[in-house]
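Shown next, in structure tokens, is the structure this report addresses.
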Amino acid sequence: MNNDYSEYLDMHIMQNTRDTECGRISTLGEVFLEYYLFDSSTEKDIKTFLESENLTDTFTETEFMDLMCGDAYLDDDLLFFIHTKLPFPLTLEKFQRLNFQTQNSDAYMINQPKDLFDKMRAQINKKQQLKKEKDRQKSRNRYWRNREQILIKMREYRAKNHDKILQRKREYWATNKDKINQKRRVRYPQNREKLLEKTRQWYHSHLDYVHDYQKQQRTENRDAIAERKKKCYITNKEHYTEYKKNWYQEHKQELAARDKERLKALKQKTEAAQKICAAYVFLINLRKTNYAKYLELYTKQQKPITHMLKTCPALQSMDITLCPFCNPDCENTIDKCCNQKVLSIPNALSELQIIANNLQQR
């Protein structure tokens, strides 16, 4: 037997069982008869059977009939080829023994066709691929049966070996950088929409994580980011200038409408704040009576209300009962809610309390 088939033999060893139809086979003719009758789902004759099994150039109808009747046997290589195609378990040793028994009778030998080696190799490769696919399916089934446990173990492993995994990824990237980039350049145009949609879904489902990560990166690398932006702007200054100009012209009306709505909303909040917030009323009076002192706190263009809305619960809900000056029993405290610049002014607390009393009376 040719050594090229040894890998197939390792894969195809099967034990015979006498309790099955195949285990009770005792002649070469019964092997081919079982082969012919194995699939009874469709009607067939010898011709259609040989066509379906791709054996038309291996046997004639007469030769296959003689094999089923025990009037013919196979040479060694052809026997091995037919063994690879049998759809039922039969050891190669038994197949060879039955073939040898037929040789001692008046049967004639059927020789292998010229292209038998190529067909044999193709058949072996097919069986190997089927076995690999079966093993992969078993692996997938095993994974989904134990998915939760496997994921827990994977998370534990990644947490325990985080630095090692990261270093391994860096080494692989450094070694295969060009190869990876080439694959990405080929893959991206073919799957652009799919990849973008997947990225959008991940981004929206991890929005809080992304914002926290970006904020952390900006805080930790503030100087490096500023330097990189500065270099990029200097290098592409003309491009950025032209882009900003064109973008502004395209969105000019939209920006104007947005500013108008924003100023309208801010005006409404400013009018409401004068009836609720003692600190804001204090700043208005300070601007009128001591403009130089006011400029120490804010510039001409700054609007204090925009910053106070971020910290003051009373302004956020426009409810005077949430102001600690107007309602000492509320859960909010002066240090956390009130404008810190106002509190830094000497004797501001007494004036703020007076203003708060007047607002309550109104």
Among the residues of segment 87-114 satisfying the criterion of being at pLDDT 85 or above and hydroxyl-bearing (S, T, Y), which is farthest from T58 (Cα to Cα)? T91
Got a sec? Which of F95, F117, F100 is surrounded by fewer than 14 Cβ atoms within 10 Å (Cβ to Cβ), assigned by TED's automatic domain parsing to the domain that holds D77 and at negative phi? F100
What are the residues in segment 208-219 that are out of contact with any Phe, Trp or Tyr (no Cβ under 7 Å at 6 or more places or on another chain) and surrounded by 10 or more Cβ atoms within 10 Å (Cβ to Cβ), if any? Y209, H211, D212, Y213, Q214, K215, Q216, Q217, R218
Could you say which residue among T306, T299 is out of contact with any Leu (no Cβ under 8 Å at 6 or more places or on another chain) and not charged (D, E, K, R)? T299
Could you identify the single residue in K198, K179 that is surrounded by 10 or more Cβ atoms within 10 Å (Cβ to Cβ) and part of a helix (DSSP H, G or I)? K198
Do we have any residue at all in segment 150-166 that's at pLDDT below 90, part of a helix (DSSP H, G or I) and touching a Phe, Trp or Tyr at 6+ places or on another chain (Cβ under 7 Å)? yes
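Of G29, G23, which residue is outside any loop (DSSP other than H, G, I, E, B), at pLDDT 85 or above and surrounded by 11 or more Cβ atoms within 10 Å (Cβ to Cβ)? If you could, list the steps in order and put the result at the bottom.
Working: G23 fails: at pLDDT 85 or above.
On inspection, the qualifying residue turns out to be G29.
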Cβ pairs under 8 Å, 6+ apart, first in segment 254-266 and touching a residue at least 24 places away in the same chain (Cβ under 8 Å) and within 18 Å of K310 (Cβ to Cβ), second surrounded by 10 or more Cβ atoms within 10 Å (Cβ to Cβ) and among the β-branched types (V, I, T): L266/I305; L266/T306
Among what's in segment 64-76 and is surrounded by fewer than 17 Cβ atoms within 10 Å (Cβ to Cβ) and part of a helix (DSSP H, G or I), pick the residue that is modelled with the lowest pLDDT. D76
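Does L295 meet the test of being assigned by TED's automatic domain parsing to the domain that holds M318 and of a type outside the set (D, E)? Please lay out each step first, then the result.
Numbers: assigned by TED's automatic domain parsing to the domain that holds M318: yes; of a type outside the set (D, E): yes.
Considered against the rule, which asks whether it is assigned by TED's automatic domain parsing to the domain that holds M318 and of a type outside the set (D, E), L295 comes out as yes.
Would you confirm, using the coordinates I've provided, whether C337 is under 53 Å from the mean Cα position of the chain (by Cα), within 13 Å of A278 (Cα to Cα), at pLDDT 85 or above and not aliphatic (A, V, I, L, M)? Give the steps one after another, and end with the answer.
Values: under 53 Å from the mean Cα position of the chain (by Cα): yes; within 13 Å of A278 (Cα to Cα): yes; at pLDDT 85 or above: no; not aliphatic (A, V, I, L, M): yes.
Spelling it out, it is not the case that C337 is under 53 Å from the mean Cα position of the chain (by Cα), within 13 Å of A278 (Cα to Cα), at pLDDT 85 or above and not aliphatic (A, V, I, L, M).
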From the list T235, T219, which residue is outside the structural domain of P304 (by TED's automatic domain parsing) and under 30 Å from Q340 (Cβ atoms)? T219
By residue number, the members of segment 281-305 that are touching a helix residue (DSSP H, G or I) at 6+ places or on another chain (Cβ under 9 Å), basic (K, R) and not in a helix (DSSP H, G or I) are K303
Would you be able to say whether some residue in segment 134-143 is within 30 Å of E30 (Cβ to Cβ) and either in contact with a Leu (Cβ under 7 Å, 6 or more places away or on another chain) or touching a residue at least 40 places away in the same chain (Cβ under 8 Å) (or both)? no
Looking at segment 127-148, is at least one residue surrounded by 10 or more Cβ atoms within 10 Å (Cβ to Cβ), at pLDDT below 85 and not in a helix (DSSP H, G or I)? yes
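Residue by residue, here is whether (1) part of a helix (DSSP H, G or I); (2) at pLDDT below 90; (3) surrounded by 14 or more Cβ atoms within 10 Å (Cβ to Cβ); (4) not assigned by TED's automatic domain parsing to the domain that holds A356 holds:
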| site | (1), (2), (3), (4) |
| --- | --- |
| H239 | yes, no, no, yes |
| Q249 | yes, no, no, yes |
| A265 | yes, yes, no, yes |
| A279 | yes, yes, yes, no |
| H307 | yes, yes, yes, no |
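The values are calculated or read from the model by the stated rules, or taken from the named source; none is laboratory data. This is a predicted model, so every value here is computed, not measured. Every residue, glycine as well, gets a Cβ built from its backbone with ideal geometry; the counts of neighbours run over all protein chains shown.
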